[in-house]
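There's a structure below that I have some questions on.
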Amino acid sequence: MTSRTDSNLAATYRTQGYAVARGVFSPGEVAAMAASFDRFYAEGLRLGRSWRRENLFYRVVPDQNLGRIVRLVQWPSYIDDVLGGVRLDRRLCDLVSPIIGDDLKQIINQMHWKPPGAAMVDFAYHQDCRFRRPASAFRDLGDSYVQTGIAVDPHTPESGAMRVLPGSHLRGDLDMGDERPVLQQTMTDTTLHDKGLNPDDLVDLVLAPGDVAMWSPYLVHGSGANRTARDRRLYINGYVKGDKADRGEPAFRHGVPVPLSGRPAVIHFDAVATRPEPHFVDEDY
């Protein structure tokens, strides 16, 4: 891991498959993000089921301990100015531009929760490339896409921080796991052994609020249970070179932020134009 002021940040990313910039967002900025997270979580519980309106999507699932929990919300920035401002923050562009340039689309805008006391908030070991579908819509994925995650709460082994396998991105798409959603499975060493990977090489991605992690779509990673008394929230924004993706919303043109406007782009939801009305869904992730 490295700091935001380290000139080797991009080099660390390229060799290890991930890097960390410390203290990018201030406590006040993190508090504003946390307040948005609280509003979206309350709305998800009010809805009671997974729900979609265009690209805005709430993933609400049963939990044997808490009844129901919100696992994630996709594209909150369409309706939240705070989160919309963060996704276009020039500091994020400055972090990713040495790796993929500053003419960017965004294909991930996502809030993640691990509520305290929840029974199942794991993410099985996986590579994010499995979610870039259809594959034909993305070109040179390893060299054109960077995932970023802003810690809203402390990320520690006890709170279910990500576990990453440094250097695993160099092996490309390993076709990991089965067809079940990664959020319905726990991390198992068998998944790694099956691909010739050593669990002893795993590293905990420890983050303080305001830190920004970056990782490759081919980095092997997962995360476990939250065993603390507080939430573990992560705000994820994934950027791709504008000429390497047929999906996504414009985010930066030559480093200048591009606000959302007009009809929503096709990103995850193929029917965004033909079924824009609000509706409940039963959708795996």
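With charges set only on the Cβ (+1 for Lys and Arg, -1 for Asp and Glu), what does the dipole of the chain come to about its Cα centre, in debye to the nearest 20?
That gives a dipole near 440 debye.
Quick check: convex hull over the Cα atoms of region 9-246, volume per residue in Å³, rounded to an integer?
119
Hey, another quick one. Add -39500 (n - 2.57) for each DSSP H run of 4 or more in the chain, then divide by its residues: what number comes out at 222 nm, to the nearest 500 deg cm²/dmol?
Taken over the chain, the calculation gives -5500 deg cm²/dmol.
Using DSSP loop states and a limit of at most 13 other Cβ atoms within 10 Å to flag GluC sites (Glu not before Pro), what is the longest stretch of the chain containing no flagged site?
After excluding every exposed loop site, the longest remaining stretch is 1-178.
First check a/c for region 69-210, with a ≥ b ≥ c the square roots of the eigenvalues of its C-alpha gyration tensor; if it is under 1.5, answer rounded, and if not, answer prolate when a/b is larger than b/c or oblate otherwise.
Verdict is oblate for region 69-210.
Since every read-out is calculated from the coordinates, none of them should be taken as a lab result. Given the structure is predicted, the values throughout are model-derived calculations rather than measurements. Quick reminder, even Gly has a Cβ in these numbers, built from the backbone with ideal geometry, and neighbours come from all protein chains shown.
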